[in-house]
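The values are calculated or read from the model by the stated rules, or taken from the named source; none is laboratory data. All of these numbers come straight from a predicted model, not from anything done at the bench. Note that we place each Cβ from the backbone using ideal geometry, even for glycine, and neighbour counts take in every protein chain shown.
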Amino acid sequence: MNVLEVRNLRFQYPRSKKPALNGVNLSVRRGEMVGIIGPSGSGKSTLVLTFNGVIPHSIRGDFSGEVLVRNPSTGEELRTLETPVSKLSTVVGLVLQNPESQLFNMTVEDEVAFALENLGLPREEIEERVSWALRVVGLEGKREEFPPNLSGGEKQRLGIASVLGMKTTIIVMDETTSQVDPGGKKEVENVILRLRKEGVTVIIVEHDYRFLFRNADRIVVLKDGRVFLEGTPREVARRVGELLGLGIKLPHSLILSHRLGLPPLLSPEEFQPRVTHQR
Ligand SMILES: Nc1ncnc2c1ncn2[C@@H]1O[C@H](COP(=O)(O)OP(=O)(O)OP(=O)(O)O)[C@@H](O)[C@H]1O
C-alpha cells in the first residue's frame, strides 16, 4: 500500500524566477525507507515540506499537482491541498535539522508528552507512548533531564522521539544528522534502523550518502526540481558517472569501484580482494 503519492507536483516560491519543484512524481510504500538525494537547490527540502502541507498552507507560492497521504490504520486518504497542517501532522511527522528549535519543555519526558497532550489523548496512552518512544531512541534513562543539557546526538534523538510519540504513518528527516558530531550521527543512524524494524515509513534527506547507500530500500535523486533517477541503492549506484556529473558526493567505495571498472560497491565491506596471489 502506498502511504504517499506525489503527482506532477510543481511549486514556485513567490518572487522566485524558476520553480523549485517542476513536475515531481513519487510514491512511497508503507514501511519503506526512502532516501532523497540531489545537488544543492534541487528541491529536496521544498519537496518534504509538501508532505505535511507546510507547503502550500504556511509557505505559500504557486502550487499545482497533488500530494496524497494515506493513513493505513484508518484507511483515510488526505489531499494535502485540502487538509489543514494540524491534521496532516498526525500522519506525517517532520524531524528538522536543528533540534534546538523543536525543544522547549523542562524535561525530556515532557518534551515527548507535549504534542500528545495537545492531541487530547488519555493520560495512560500518553505515558505508554512516551515510554515506547524514549525506549526506541535509547533515552529512557534521561527522562528527567533538562533538554538543553543533552548532547547533540541526544537532542536529535529526542526530536525523533517527539515525532515518534505521535505515531505518524510517515517520519520525514531533513538533514537530521548534519549538525551533530560523528558519535551523535551514529546514534541517530542506529535509531533510524530501529524505526525500520518497527515498520515505520521513513523518508530521509541527507548530504552524507554512505548510510543511505547501505541501508535505504530506495534512493530518489532530484535534479532541477524533478526526479532524475530512482531505484534501489544498487540500481542508482550503477549510474555513478551521471551522479558524479551532478556534483553529488558519493561514498568512496562507489567512486573507487567505478574507477576500477568493478560492479558498484555500496560499502567498503563489499570489497572482496579479486586478485589471487601467486607463490
Ligand atoms: N523560501 C524560499 N524563497 C524563495 N526561494 C526558495 C526558498 N527556499 C528555497 N528556495 C529555492 O528553491 C530551490 C530549491 O531549494 P531547496 O532548499 O528545496 O533545495 P535543496 O535540494 O533542499 O537544497 P540544499 O541541499 O542546499 O538544502 C532553490 O533554487 C532555492 O533557492
(request) Could you tell me which numbered condition F104 fails, if it satisfies all but one of (1) in a helix (DSSP H, G or I); (2) farther than 27 Å from N71 by Cα? (result) (1)
(request) Return only the number of the condition from (1) assigned to a strand (DSSP E or B); (2) touching a residue at least 60 places away in the same chain (Cβ under 8 Å) that G247 does not satisfy. (result) (1)
(request) Filter the range 178-193 down to residues that are touching a Gly at 6+ places or on another chain (Cβ under 7 Å) and in a loop (DSSP other than H, G, I, E, B) and give me whichever is farthest from N105 (Cα to Cα). (result) D181
(message) Would you confirm, using the coordinates I've provided, whether R196 is touching a strand residue (DSSP E or B) at 6+ places or on another chain (Cβ under 7 Å) and at pLDDT below 90?
(response) yes
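Name the residue, out of R29, R60, R15, R79, that is over 27 Å from R214 (Cα atoms), assigned by TED's automatic domain parsing to the domain that holds F213, basic (K, R) and away from the ligand (no atom under 12 Å from the Cβ).
Numbers: R29 fails: over 27 Å from R214 (Cα atoms); R60 fails: away from the ligand (no atom under 12 Å from the Cβ); R15 fails: away from the ligand (no atom under 12 Å from the Cβ).
When all the criteria are applied, what remains is R79.
Yes/no matrix, rows are residues, columns are (1) farther than 30 Å from M1 by Cβ; (2) loosely packed, with under 15 Cβ neighbours inside 10 Å; (3) touching a helix residue (DSSP H, G or I) at 6+ places or on another chain (Cβ under 6 Å):
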site: K155; (1), (2), (3): yes, no, yes
site: G159; (1), (2), (3): no, no, yes
site: V163; (1), (2), (3): no, no, no
site: T169; (1), (2), (3): no, no, no
site: T177; (1), (2), (3): no, no, yes
(message) Taking the conditions exactly as written (over 19 Å from L195 (Cα atoms), in the same structural domain as E175 (by TED's automatic domain parsing) and either surrounded by 15 or more Cβ atoms within 10 Å (Cβ to Cβ) or not basic (K, R) (or both)), does S131 satisfy them or not?
(response) no
(message) Of all residues being part of a strand (DSSP E or B) and away from the ligand (no atom under 16 Å from the Cβ) in the range 65-76, which is farthest from V28 (Cα to Cα)? Just the residue, please.
(response) E76
(message) G43 - would you say it is within 30 Å of F211 (Cα to Cα) and within 12 Å of the ligand (Cβ to nearest atom)?
(response) yes
(message) Going through V221, V227, V236 one at a time, which residue ends up being closer than 24 Å to L21 by Cα and part of a helix (DSSP H, G or I)?
(response) V236
(request) From L158, L134, L164, grab the single residue that is assigned to a helix (DSSP H, G or I), among the aliphatic types (A, V, I, L, M) and touching a Pro at 6+ places or on another chain (Cβ under 7 Å). (result) L158
(request) Looking at (1) in a helix (DSSP H, G or I); (2) more than 25 Å from E76 (Cβ to Cβ), find the lone condition where A115 falls short. (result) (2)
(request) Would you check which residues across the range 188-210 are hydroxyl-bearing (S, T, Y) and either away from the ligand (no atom under 16 Å from the Cβ) or touching a Cys at 6+ places or on another chain (Cβ under 6 Å) (or both) and list them? (result) T201
